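Below is one structure, written out as structure tokens, with a few remarks after it.
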Amino acid sequence: MGQYTPEAIAETTFMIFICILASFGNISLFIVVFTNSNLKSISNYYVLSLAAADLMVVLVSGPVTASSMLKGKWEFGETACTLFGFITLLTFVASVNSLATIALNRYFFIVKWKEYKNIFNKRRSFLYGACTWGFSIFISILPLFGWGKFDYIPEKSYCFVLWPANVYYMYFMVIICFCGPLSAMLICYYKILTFTRNLKRKLFMSKTNPSSKKKFFKREARVVSPEETKLTNTLLIVVACFVFCWAPFAITMFFDVYHPHPIPREVHVGSLLLGYLNSMCNPILYGLRNTSFKKGFKNLYAKCLPCLIRKEEVSYFQSSIDGSENDSNKSKTTKDSYCFKNSFENVIENKEVPAEEQECHHPSIIFNHRVSPTFKDVGVFLSEKRVTTV
């Protein structure tokens, strides 16, 4: 142990720490999605595509990089260096393309919802995922055919593309695999946020003018629930986190090519560790910001960490759907849900109110009920009526 420097030990320890937590989080993400039927959606399958890229980074590239950090040299041979360099580049490109695919999926799901079921049906969705990885493999394999070169980089203690060997390949990668997908993400999320803001404004105006409620719900056939909005915001944060973590790495790449003086090793290693840290962030973001993922993680860890499990407070409408309300409130909750759903349906379809439902105060129950329904309630109802969920 005496032959290892304190800096090398610290770098290796931090790398191992990141790899363990990132592996734990992303594997948990797979388990939670595949064991919860309400999470088996097309959007979440693309999230798993991103998680798969993160797992490849921390399970394949991470351990050998940690070994090189500790020993200060590459001990696995030239062929292994080329292989691990290819895998590292592939995971980076696949992550960017997966984020772009997620952004496009959310754009069509929320803004172009009428075309969504046709464009993102099950068969096409899996084809898009396969194309994402196929394109990523094609881009990453080019150095094996002479355009660029994989080599060991001592300053970063890992094998990757040696950018000074071919500057044109570097520019190609920056434009095609970073600027292009990032621009697509920004455009999609800008249009999504603009659409949801305008939709909420129209809904607010319809509340202030009771005569326009029915016209609004007939005209605006898409109501975005708070859960959808929160998921979109979470994915936007995931993109921002990715850019924040990998931007320093990209900057050092340019400095390696054009800066006349070598960059300190601490800067190189810091940018690399920050990039690896991104693989650990995504499961944390989903767990903190998405209610369904949070419940899934809590159920998964219940046996090992029972202190994390606590009774969740749910809305009266969602409780009746999930069947999670207690026996004492079940009758009241079921009646409230029945009143809301039937009254809302009567407003939408201009039906007469049956005598037995007069006590539901049609149609004022929708906005004046003692337990007011939320955007989520409306979104759940509309998704049942038109099947707009993924």
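Of all residues in segment 88-144, those that are outside any helix (DSSP H, G or I) and either in contact (Cβ under 8 Å) with a residue 24 or more places away in the chain or crowded, with 22+ Cβ neighbours inside 10 Å (or both) total 2. Applying the selection to segment 53-74, what residues are among the small types (Gly, Ala, Ser) and surrounded by fewer than 21 Cβ atoms within 10 Å (Cβ to Cβ)? Within segment 53-74, SER67, GLY72 qualify. The criterion of at least 3 residues that are over 25 Å from the mean Cα position of the chain (by Cα) and at pLDDT below 50 is met by the following helices (runs of 4 or more DSSP H) wholly inside segment 246-344: 316-322. Among residues of segment 208-225 being surrounded by 14 or more Cβ atoms within 10 Å (Cβ to Cβ) and either basic (Lys, Arg) or at pLDDT 65 or above (or both), the one that is nearest to ASN97 (Cα to Cα) is ARG222. The helices (runs of 4 or more DSSP H) located wholly in segment 1-72 that include 1 or more residues which are under 20 Å from the mean Cα position of the chain (by Cα) and among the hydroxyl-bearing types (Ser, Thr, Tyr) occupy 6-35, 42-56.
I'm checking my understanding of the structure. Among residues of segment 226-238 that are surrounded by 19 or more Cβ atoms within 10 Å (Cβ to Cβ) and over 15 Å from LEU39 (Cβ atoms), which one is modelled with the highest pLDDT? So the residue we want is VAL238. Please enumerate the residues belonging to segment 154-172 that are surrounded by 16 or more Cβ atoms within 10 Å (Cβ to Cβ) and either in contact (Cβ under 8 Å) with a residue 60 or more places away in the chain or part of a loop (DSSP other than H, G, I, E, B) (or both). The answer is GLU155, LYS156, SER157, TYR158, CYS159, PHE160, VAL161, LEU162, TRP163, ASN166, MET170.
Of SER23, SER49, all but one fail to be hydroxyl-bearing (Ser, Thr, Tyr), modelled with pLDDT of 90 or more and touching a Gly at 6+ places or on another chain (Cβ under 6 Å); the exception is SER49.
The values are calculated or read from the model by the stated rules, or taken from the named source; none is laboratory data. All values reported here derive from a predicted model rather than from experimental measurement. Positions of Cβ are generated from backbone atoms using ideal geometry, with glycine treated the same way; all protein chains shown enter the neighbour counts.
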